[in-house]
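Peer 1: Pasting a structure here, questions to come.
Every number in this text was worked out from the coordinates using simple rules, so none of it is lab data. Keep in mind it's a predicted model, so treat the numbers as computed, not measured. Cβ sites come from the backbone with ideal geometry, for glycine too, and all protein chains shown count toward neighbours.
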Amino acid sequence: MRLPVRSLLIVAASLLALAGCVGSTVPPTPPQTGATGIVGTRIARLCDPMDFGAKADGVTKDTAAIQASIEACAGESRGIIVLRGGTFLSGTIRLHSHQTLRIEAGATLLGSRDDGDYPTLRPPTVNTELNNCKRALVYAERADLVRIEGGGTIDGNADIDKWRSMARPEGERPMAIFTALSTNVAIEGVTVRNAATWAVVNLEVEHLVVRGITVDSPLGPTHDGIDVVDGRDVLIEDVTITAGDDGICLKSGNPRGLQDVVVRRSRVLGAGVANGLKFGTATVGPMRHILFEDISIANAQASAMAVESVDGGVVSDVTFRRVTVTDVGTPFFMLLGARGNAQVGAIRDIHFEAIRADRLRHAWGSLLSGAPTDAAGPHDLEAITFRDVELRYRGVGDAVGGHVYGSTEGDIDHFPRYAGGYPDPKFIFATPTAKSEVVDYALPGWAFFVRDARGVRFEDCRLAVDGIEHRDAIARKDAVVRGGCVVVR
């Protein structure tokens, strides 16, 4: 992937600017409210919620005290709101420009379990994802130079029936961190636990850095780890994620789209029922110039790497490099289609390099599917490359009672097409039952099924299969596939 030099310079400049929010010259133990510390060449005002009546006992609601300290630190100078030495029970708090929320090691910002403590948020933009993003514990809107940092914890406190899994729509449950329409945002060092829905969400943010955080929110479907919705110049690095749903999910709910994103040196330890790295489900605007590298992915029911466009957006110039995969449903999933009233977009220039995958859960294989030829607009996958990939798939065996596509002549033509529903491999393929291991919709190819595609290329590709397998490794339908894979028995 060719990330523009200008974008790299912007990210670097953003890091330098954000570094001005906090610095080593700030006294480790600030004086009383209203005192200041020197931060680089700027004066930082240090505000402690304890001086505004916070109890930090995990029982008393400290929302008003924390917000009062935030307001006291508002203004032209840098403001640092410091939580230390306790558990601060709170509903929604709202940060402003030029502010840092510092949660020190040993401190916890604990989300209230009362719905009334989370007012409905209405960022002034039109974005399809605002149907899901309506409430939050920590919020910033139209702010510049905002940091959330420290060695402490933001705990959504959502391990309760009403907020687990899909008990209620996402929009009725609070995110742990939500920034919207903001610039120069940094989220570093904190641990985010048990969010009631998507954990860390940034919507239409420019110049975003997410670094060194841990997300531990394995509460079932709709509990994503990190979501980036539209925006540009994004750096995510050195993060560790255990999520109930998608680990890192890039989305677009606005025609502006998402561009210039780097995700590196990170681990997805669990993506529950979903995908490790995902484009979609929302794909309204273009998503381009995106790099994932040096990432490990484990424990995902669906796929390790999912690239989807079903809302008319174009996904292009994306590279996955040096990704290791274990214990997932399938390594790759690529789907171009249309749902609702959307036109078909495009998926092109997608590159997978130095990928290793083993211990795959199912015999699905990896589906690479364009839209059918009668769809309006472009309908092929274009310029998809797999270079230096080493994959070990699970064989379907001598399945009895289910339909293994490719096991009878001609049935490759009847493999189910995407019909406009939720675009995810586990909804297209059937999961084996606990009793039989029968796969109702195993792909025509045990490694890949490529359909409605042109310019798909395999270079230095090595495949292996465990157990009995009668299908070909790679099956194709209305597709141009170049190169091939060596099958190691």
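Peer 1: For each of K426, K477, K278, K162, count neighbouring Cβ atoms within 10 Å of the residue's Cβ, then give the residues from fewest to most.
Peer 2: K162, K477, K426, K278
Peer 1: Could you list, in their original order, any pairs among K162/K278; K134/K278; K134/K251 whose Cα atoms are separated by more than 24 Å?
Peer 2: Over 24 Å Cα-Cα: K162/K278.
Peer 1: Kindly put R387, R147, R471 in sequence by how many other C-beta atoms sit within 10 Å of each C-beta, fewest to most.
Peer 2: By the 10 Å Cβ count, ascending: R387, R471, R147.
Peer 1: Nothing charged except the Cβ atoms of Lys and Arg (+1) and of Asp and Glu (-1): what's the magnitude of the dipole of the range 7-488 about its Cα centre? Round to the nearest 20 debye.
Peer 2: Working: 49 positive and 60 negative charges, 87 e Å.
Dipole size: approximately 420 debye.
Peer 1: Right, another one. Starting from the Cα of E76, step 7 Å along the direction of its Cβ; do the same at K162; then give the gap between the two resulting points in nm.
Peer 2: Taking the two extended label points, one gets 4.6 nm.
Peer 1: I'd like the antiparallel share, as a percent to the nearest 5, of DSSP beta bridges with both residues in the range 7-488.
Peer 2: Taking every DSSP beta bridge with both residues in the range 7-488, the antiparallel ones total about 0 percent.
Peer 1: For R321, what residues show an amide H to amide H distance below 5 Å, using hydrogens built from the backbone and excluding near sequence neighbours?
Peer 2: Under 5 Å from the amide H of R321 lie the amide H atoms of F292, E293, D294, E353, each far enough along the sequence or on another chain.
Peer 1: Here's something else I'd like to know. Computed FRET efficiency, Cβ-Cβ of Q343 and R457, R0 22 Å: what is it to the nearest 0.05? Provide the component values of the computation, followed by the final result.
Peer 2: On the way: r = 27 Å, r/R0 = 1.24.
According to the calculation, E is roughly 0.20.
Peer 1: Taking 0.36 nm per residue of sequence separation and subtracting the Cα-Cα distance, how much length would be gained by fully extending the chain between A419 and D294, in nm to one decimal?
Peer 2: Result for the pair: 41.6 nm of gain on full extension.
Peer 1: Oh, and also: If amide hydrogens are placed 1.01 Å from N in the peptide plane, which non-local residues have theirs closer than 5 Å to the one on V234?
Peer 2: It is L208, V261, V262, by chain and number.
Peer 1: Tell me the net charge near D155. Cut-off is 14 Å between Cβ atoms, D155 excluded, with +1 for each Lys or Arg and -1 for each Asp or Glu.
Peer 2: For residues surrounding D155, the net value is -1.
Peer 1: Hey, another quick one. For a footprinting-style exposure proxy, rank S182, S309, S366 by other Cβ within 10 Å, fewest first. Each step should come with its number before you reach the end.
Peer 2: On the way: S182 24, S309 30, S366 27.
With the sparsest Cβ surroundings first, the list reads S182, S366, S309.
Peer 1: In debye, nearest 20, what is the charge dipole magnitude of the range 123-186 about its Cα centre with +1 on Lys and Arg Cβ and -1 on Asp and Glu Cβ, if you could check?
Peer 2: Dipole of the range 123-186, to the nearest 20 debye: 160 debye.
Peer 1: Using unit Cβ charges (K, R positive; D, E negative) and no other charged atoms, how large, in debye to the nearest 20, is the dipole of the range 86-149 about its Cα centre?
Peer 2: 100 debye
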